[in-house]
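Working notes for the structure below.
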Amino acid sequence: MRFDIITIFPHILDSYFNESILKRAQEKKFISVHIHDLRIWTSNKHRTVDDRPYGGGPGMILKVEPIAKALRAIKRKKKSRVILLDPAGKQFSQQAAKKYSKLDQLIFVCGRYEGFDERVKKYVDEKISIGPYVLSGGELGAMVILEAVARLKAGVLGNAESLQEESHLIEGYIEYPQYTRPEVFDGRRVPSVLLSGDHKKIEEWQSRKRRSSIF
Ligand code: SAM
């Protein structure tokens, strides 16, 4: 699967993509990540991507032309989607991650400053928020969505079984609590059933804990 991120701060994302699971996933060609500097698609000497809003108001907004040009230039695969990161968009969820993981390409448009010229909407498929709060830019949102989607792609996680029991697998599902050594820490013991070796009882306990987290 191919991911494209359009941003005015292309290096803000470098280190995250060059470590751990996402690095390995790229090396093994399960995913590819392409980061694009929006300024490439400007035509003026100062490579300006923003301007003052008509009608006044604080701050600057991102211009529509470079974004429209960027989206025209970035190669589209057949099954692709363009996401505009926007705090006023539809809230991202695990169910959306599952839907996106069936695509061949996801393209993210990251905002900055006061956001975008409204006409950008015509060039994107949906506006997505990663939560009801405001960040300074869309890059973290793109990264959150990319990671949630990439780990659902075959091969990206070393152990695909990890996906079968995860929280939010279905809406409201929360994984059961887990423990590792030592058996006692600071007076708190690992539940004895987990040390019993009785697999049936362990499964019952896990299923009880899992359900009690939902309801
Ligand atoms: N003036 C905008 C408003 O009130 O809705 C906020 C703009 S915000 C400071 C700048 C950019 O950060 C946005 O255009 C968007 O790309 C990104 N951003 C901020 N919060 C976000 C969120 N919760 N989810 C997704 N993107 C977000």
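The values are calculated or read from the model by the stated rules, or taken from the named source; none is laboratory data. Not measured: the values here are computed from a predicted model. Note: ideal-geometry Cβ built from the backbone for every residue, glycine included; neighbour counts use all protein chains shown. Accessible surface areas use protein heavy atoms only, side chains included; no ligands, DNA or RNA. Shrake-Rupley method; radii C 1.70, N 1.55, O 1.52, S 1.80 Å.
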Members of the range 171-186 found to be surrounded by 10 or more Cβ atoms within 10 Å (Cβ to Cβ) and β-branched (V, I, T), listed by number: I174
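When the residues of the range 103-124 are filtered to those that are more than 13 Å from the ligand (Cβ to nearest atom) and over 26 Å from F30 (Cβ atoms), which remaining residue is least open to solvent (accessible area, probe 1.4 Å)? Explain how you work it out, then say what you get.
Here is the first cut: in the range 103-124, the ones more than 13 Å from the ligand (Cβ to nearest atom) are 103-107, 119, 122-123.
From what is left, the residues that are over 26 Å from F30 (Cβ atoms) are 119, 122-123.
On the way: R119: 149, K122: 159, Y123: 81 Å².
Restricting to residues being more than 13 Å from the ligand (Cβ to nearest atom) and over 26 Å from F30 (Cβ atoms), the top hit is Y123.
Given the structure, is A68 in the same structural domain as K127 (by TED's automatic domain parsing), farther than 21 Å from L140 by Cα, open to solvent by less than 30 Å² (accessible area, probe 1.4 Å) and not in a loop (DSSP other than H, G, I, E, B)? I'd like the intermediate steps shown before the answer.
Details: in the same structural domain as K127 (by TED's automatic domain parsing): yes; farther than 21 Å from L140 by Cα: yes; open to solvent by less than 30 Å² (accessible area, probe 1.4 Å): yes; not in a loop (DSSP other than H, G, I, E, B): yes.
It is true that A68 is in the same structural domain as K127 (by TED's automatic domain parsing), farther than 21 Å from L140 by Cα, open to solvent by less than 30 Å² (accessible area, probe 1.4 Å) and not in a loop (DSSP other than H, G, I, E, B).
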Residue check for L157: modelled with pLDDT under 95 and open to solvent by less than 40 Å² (accessible area, probe 1.4 Å): yes
The one condition in (1) open to solvent by less than 40 Å² (accessible area, probe 1.4 Å); (2) within 14 Å of the ligand (Cβ to nearest atom); (3) among the hydroxyl-bearing types (S, T, Y) that Y100 fails to fulfil: (2)
Some residue of the range 40-55 being out of contact with any Leu (no Cβ under 6 Å at 6 or more places or on another chain), farther than 30 Å from I170 by Cβ, open to solvent by 80 Å² or more (accessible area, probe 1.4 Å) and hydrophobic (A, V, I, L, M, F, W, C): yes
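Within the range 24-49, count every residue that is part of a helix (DSSP H, G or I) and more than 11 Å from A150 (Cβ to Cβ).
Summing the residues that are part of a helix (DSSP H, G or I) and more than 11 Å from A150 (Cβ to Cβ) in the range 24-49 gives 5.
In the range 125-146, how many residues are assigned to a strand (DSSP E or B) and more than 6 Å from the ligand (Cβ to nearest atom)?
Start the filter on the range 125-146 by keeping residues that are assigned to a strand (DSSP E or B), which leaves 126-129.
Subset that is more than 6 Å from the ligand (Cβ to nearest atom): 126-128.
Residues that pass the stated criteria total 3.
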Lone unmet requirement of (1) surrounded by 13 or more Cβ atoms within 10 Å (Cβ to Cβ); (2) in the same structural domain as G55 (by TED's automatic domain parsing); (3) free of Cβ contacts under 8 Å to residues at least 12 places away in the same chain for E165: (2)
Failed item, numbered, when S162 is tested on (1) more than 16 Å from the ligand (Cβ to nearest atom); (2) in a loop (DSSP other than H, G, I, E, B): (2)
Flag if S129 is small (G, A, S), modelled with pLDDT of 95 or more and open to solvent by 80 Å² or more (accessible area, probe 1.4 Å): no
Exclusive hit being β-branched (V, I, T) and surrounded by 12 or more Cβ atoms within 10 Å (Cβ to Cβ), set V190, V134: V190
Any pair with Cβ under 8 angstrom, 6 or more apart, that starts in the range 31-49 at a residue that is under 14 Å from R72 (Cβ atoms) and ends at one that is of a type in the set (G, A, S): H36/A70; L38/A70; I40/A70; W41/A70; W41/A73
